[in-house]
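Novice: Before anything else, here's the structure in question.
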Amino acid sequence: MGLVEDLQAAVGAGNVLTGPDSARYARDWMGRYEGQPVAVARPGSTAEVAACVKIAARHGVPVVPISGNTGLVGGTMTTGGLMLTLERMNRIREVKRDSRLVIAEAGVILTRLHEAAEAEGLYFPLWFGARGSAMLGGVLSTNAGGSNVLRYGSTRGLCLGLEVVLADGRMLNLMSELHKDNSGYDLKNLFIGAEGTLGIITAAVMKLVPAPKAHATATVAVRSLTDALTLLNRMQEATGNRVEAFEFMPRTYSERLREARPDLGLPFDPIPEVTILIEAATTVPTEAIPDDAGEIPLVTTLETILAELMEAGLVTDAVLARNEQQRRAMWERREAAAEISVGLHPEVDTDVCLPLDKVEPFLAEALRRLDALDPGARTLTVAHLGDGNLHFTAYPTRDEARLKDKVMETVEDVVAELGGSFSAEHGVGLSKLNSMARRKDPVALDVMRALKAALDPDNRMNPGKVIPG
Ligand SMILES: Cc1cc2nc3c(=O)[nH]c(=O)nc-3n(C[C@H](O)[C@H](O)[C@H](O)COP(=O)(O)OP(=O)(O)OC[C@H]3O[C@@H](n4cnc5c(N)ncnc54)[C@H](O)[C@@H]3O)c2cc1C
C-alpha cells in the first residue's frame with residue numbers, strides 16, 4: 001500500500017488530508033512560509049501518533065508536527081513531509097485541584113486550559129496574544145513565553161511531565177507529577193523547546209497556580225527605560241514580586257498602532273517616548289477586597305507609587321484601569337503587536353533578550369547602526385520589558401536577501417556585545433538558522449547534533465529546523 005492508504009488504515013480515511021484539504025496547514029500564520037506536505041494526518045491518540053511515525057519511517061518520509069500553527073519562525077513548513085496535526089488529541093485528562101496541576105493532551109488550546117483551571121479556582125499562567133489558537137504541544141515545543149514570564153517563568157518552568165512519541169515510534173512516558181526527580185538526565189527538558197526535531201509531544205502535566213483575586217493595571221508614560229525600571233522595582237518591592245506583566249511600547253509602536261488600529265484609541269496625547277503597561281495581581285484577600293472607600297488595596301499601592309514617581313518627575317502621565325473593560329482595552333493595544341507588524345514589508349524579525357539595564361543601550365546602538373547601514377529603514381519594537389525580551393522588527397528600504405541578513409547580523413552584533421541572546425521566545429525554526437550558525441557556541445551545536453543523531457538517526461523528525469547545516 002502507499003503512504004496515504006497506510007495512514008488511512010491507521011487513523012481512518014477522514015483523518016488523512018491531501019491536496020486542497022491540506023492547504024490550511026501548509027501555510028503559516030504570517031503567510032511567510034508555504035510548503036506542500038505529502039499529506040496531513042490527524043491522529044486521535046498517542047498510539048495513532050506512534051503508528052503514523054512508523055508508517056512515515058517505512059515510506060522514508062519526514063514527519064512535521066503542527067499544533068495551532070501560530071509559530072512565527074517557519075517551524076511547521078514542509079515540502080514532501082507528512083504533517084501530523086494533534087488537533088484531535090484535545091482531551092483534558094484531569095485537573096487536580098489539591099496538587100494544582102492539569103494533565104492534558106497536546107492538542108488542547110491554551111484558552112481551554114485557562115477555562116479548565118478557572119473552573120477549579122486556579123490559573124494556568126501562560127498568557128499571550130495567540131492563546132485562542134496555540135496548543136499545548138506547540139507551546140511546549142517552542143518553550144513559549146508571553147506576558148507573565150516575569151512572575152511565573154516560561155512554559156518549561158510550568159511543565160512537570162511529558163509524554164513523547166520518539167522517531168522510532170516508541171512512546172516515552174515521562175508523565176511525572178513530581179516537583180523533584182533527580183533520577184538521571186532531565187529528558188523532559190530536551191523535548192521542551194526542541195520544535196519537533198526530537199520527537200512528538202502527545203501529552204503533558206502542567207502546573208497551575210491560585211487564581212488572582214484582583215489585578216492592578218495601568219498604562220504609564222515615562223521619560224526613559226531607566227525610569228521604567230525604577231517603576232518596576234518599586235512595585236516589586238511594595239508588593240512582594242506580584243508584578244505579572246511589564247510591557248514596553250515605544251513611540252514608534254504607538255504611532256503604528258494609531259495608524260493601523262484607530263479603533264483602539266491611545267491613552268496619551270501627545271504620544272510619549274515610552275509607554276509601559278504594568279499589571280500586578282494578588283491572591284491575598286486583604287489586598288484584593290475593596291476597602292471602606294471602595295478601593296482595591298493593590299490598586300491603591302500602584303496608584304501611590306505612580307503618584308510618588310510623578311512627583312519625582314520619572315512618570316509623566318498614567319491611566320489606571322478601574323474595571324475589567326478598561327483593563328482589556330489596555331491589553332488589546334499591546335496584543336495588537338503581531339497584527340500591526342505583519343502588515344509591513346520587507347521585514348526582519350528579531351526576538352532578542354538582554355539584561356534589563358542593557359535594553360536602553362541596545363535600542364540606541366541598534367538604531368544608530370541600522371541607520372548607518374540602511375538610512376531610511378524603519379523599526380517597530382514591542383517588548384516584555386520585565387524579562388528583557390524585545391521584539392525588534394526592522395523594515396529595510398529594499399527587499400534584498402543580502403541586506404536583510406546584514407540587518408539581522410547587525411542586530412545580533414549589538415545583542416552579543418551587550419551579553420544578550422538572539423533568540424528568546426519564538427524559537428529558531430527556519431528563520432533563525434543563519435543566526436544559529438553565526439552565534440551559537442560551536443561546542444553547543446556539536447552537542448545538539450549528537451543528541452539529534454542519537455534520537456533521530458535517520459533525520460526524519462522536522463528535519464532542517466533549529467540546527468543549521
Ligand atoms: C498573535 C501572536 C502572538 C504571539 N505571542 C507570543 C508570545 O507572547 N510569546 C511566545 O512565546 N510566542 C508568541 N507567539 C508565537 C506562537 O504563538 C508560539 O510560538 C506558540 O508557542 C506556538 O504554538 P502553536 O500551537 O501554534 O505551535 P505551531 O506553530 O503549530 O508549532 C510550533 C513548533 O512546534 C512544533 N510542534 C507543534 N506541535 C508539536 C508537538 N505536539 N510535538 C512536537 N513539536 C510540535 C512545530 O513543528 C513547530 O516547529 C505569538 C504568535 C502570534 C500569532
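Novice: Got a number for residues in region 449-462 being in a loop (DSSP other than H, G, I, E, B) and surrounded by fewer than 18 Cβ atoms within 10 Å (Cβ to Cβ)?
Specialist: So the count comes out to 3.
Novice: Under 7 Å between Cβ atoms, which residue pairs at least 6 apart in sequence (or on different chains) link something in region 71-92 that is touching a residue at least 60 places away in the same chain (Cβ under 8 Å) with a partner that is of a type in the set (Phe, Trp, Tyr)?
Specialist: Qualifying pairs under 7 Å: GLY74/TYR33; MET77/TYR33; MET83/TYR25; THR85/TYR25.
Novice: Return the total of residues in region 422-448 being in a helix (DSSP H, G or I), open to solvent by less than 40 Å² (accessible area, probe 1.4 Å) and over 16 Å from LEU354 (Cβ atoms).
Specialist: Going through region 422-448 one residue at a time, the tally reaches 4.
Novice: Pick from GLY31, GLY44, GLY14, GLY75: which is outside any helix (DSSP H, G or I), more than 12 Å from the ligand (Cβ to nearest atom) and of a type outside the set (Lys, Arg)?
Specialist: GLY44
Novice: Could you list, in sequence order, the residues of region 323-357 that are in contact with a His (Cβ under 8 Å, 6 or more places away or on another chain) and under 25 Å from GLU412 (Cα atoms)?
Specialist: ALA337, SER341, ASP349, THR350, ASP351
Novice: Give just the number: which of (1) away from the ligand (no atom under 16 Å from the Cβ); (2) not in a strand (DSSP E or B) does GLU94 not satisfy?
Specialist: (2)
Novice: Would you point out which residue out of THR219, THR230, THR202 is touching a residue at least 12 places away in the same chain (Cβ under 8 Å), open to solvent by 30 Å² or more (accessible area, probe 1.4 Å) and either touching a Ser or Thr at 6+ places or on another chain (Cβ under 7 Å) or outside any strand (DSSP E or B) (or both)?
Specialist: THR230
Novice: Taking region 114-133 as the search range and keeping residues that are assigned to a loop (DSSP other than H, G, I, E, B) and more than 18 Å from ALA424 (Cα to Cα), which one is nearest to the ligand (Cβ to nearest atom)?
Specialist: SER133
Novice: Something else now. Here is a list: ALA394, ALA364, ALA377, ALA383. Which entry is under 25 Å from GLU279 (Cα atoms) and at pLDDT 95 or above?
Specialist: Result: ALA383 is the single residue among ALA394, ALA364, ALA377, ALA383 that is under 25 Å from GLU279 (Cα atoms) and at pLDDT 95 or above.
Novice: A follow-up question, please. So if I check each of GLY161, GLY137, which one is within 12 Å of the ligand (Cβ to nearest atom), at pLDDT 95 or above and either not hydroxyl-bearing (Ser, Thr, Tyr) or not in a strand (DSSP E or B) (or both)?
Specialist: GLY137
Novice: Taking GLY169 as meeting all but one of (1) more than 23 Å from VAL63 (Cα to Cα); (2) open to solvent by less than 30 Å² (accessible area, probe 1.4 Å); (3) more than 8 Å from the ligand (Cβ to nearest atom), write down the number of the exception.
Specialist: Answer for GLY169: the failing condition is (1).
Novice: Going through region 284-331 one residue at a time, which ones are free of Cβ contacts under 8 Å to residues at least 60 places away in the same chain and more than 18 Å from ALA214 (Cβ to Cβ)?
Specialist: ALA307, MET310, GLU311, ALA312
Novice: Determine, yes or no, whether LEU190 is part of a helix (DSSP H, G or I), within 13 Å of the ligand (Cβ to nearest atom) and more than 30 Å from MET330 (Cα to Cα).
Specialist: Here the answer is yes, as LEU190 does meet what is asked.
Novice: Ok, one more. For region 396-416, give me each residue that is over 26 Å from the mean Cα position of the chain (by Cα) and crowded, with 16+ Cβ neighbours inside 10 Å.
Specialist: Across region 396-416, the qualifying residue is only LEU403.
Novice: For VAL348, state whether it is farther than 24 Å from THR230 by Cα, in contact (Cβ under 8 Å) with a residue 60 or more places away in the chain and either within 16 Å of the ligand (Cβ to nearest atom) or open to solvent by 40 Å² or more (accessible area, probe 1.4 Å) (or both).
Specialist: no
Novice: Condition test on LEU306, is it assigned to a helix (DSSP H, G or I), over 27 Å from the mean Cα position of the chain (by Cα) and crowded, with 18+ Cβ neighbours inside 10 Å?
Specialist: So LEU306 fits the description; yes.
Novice: Let me ask something else about it. For region 97-136, what are the residues that are in contact with a Leu (Cβ under 9 Å, 6 or more places away or on another chain) and among the acidic types (Asp, Glu)?
Specialist: GLU105, GLU120
The values are calculated or read from the model by the stated rules, or taken from the named source; none is laboratory data. No experiment lies behind these values; they were computed from the predicted model shown. Don't worry about glycine lacking a Cβ; one is built from the backbone with ideal geometry, like all the others, and counts go over all protein chains shown. Remember, those area values only see protein heavy atoms, side chains included, never the ligands or the DNA or RNA. Shrake-Rupley method; radii C 1.70, N 1.55, O 1.52, S 1.80 Å.
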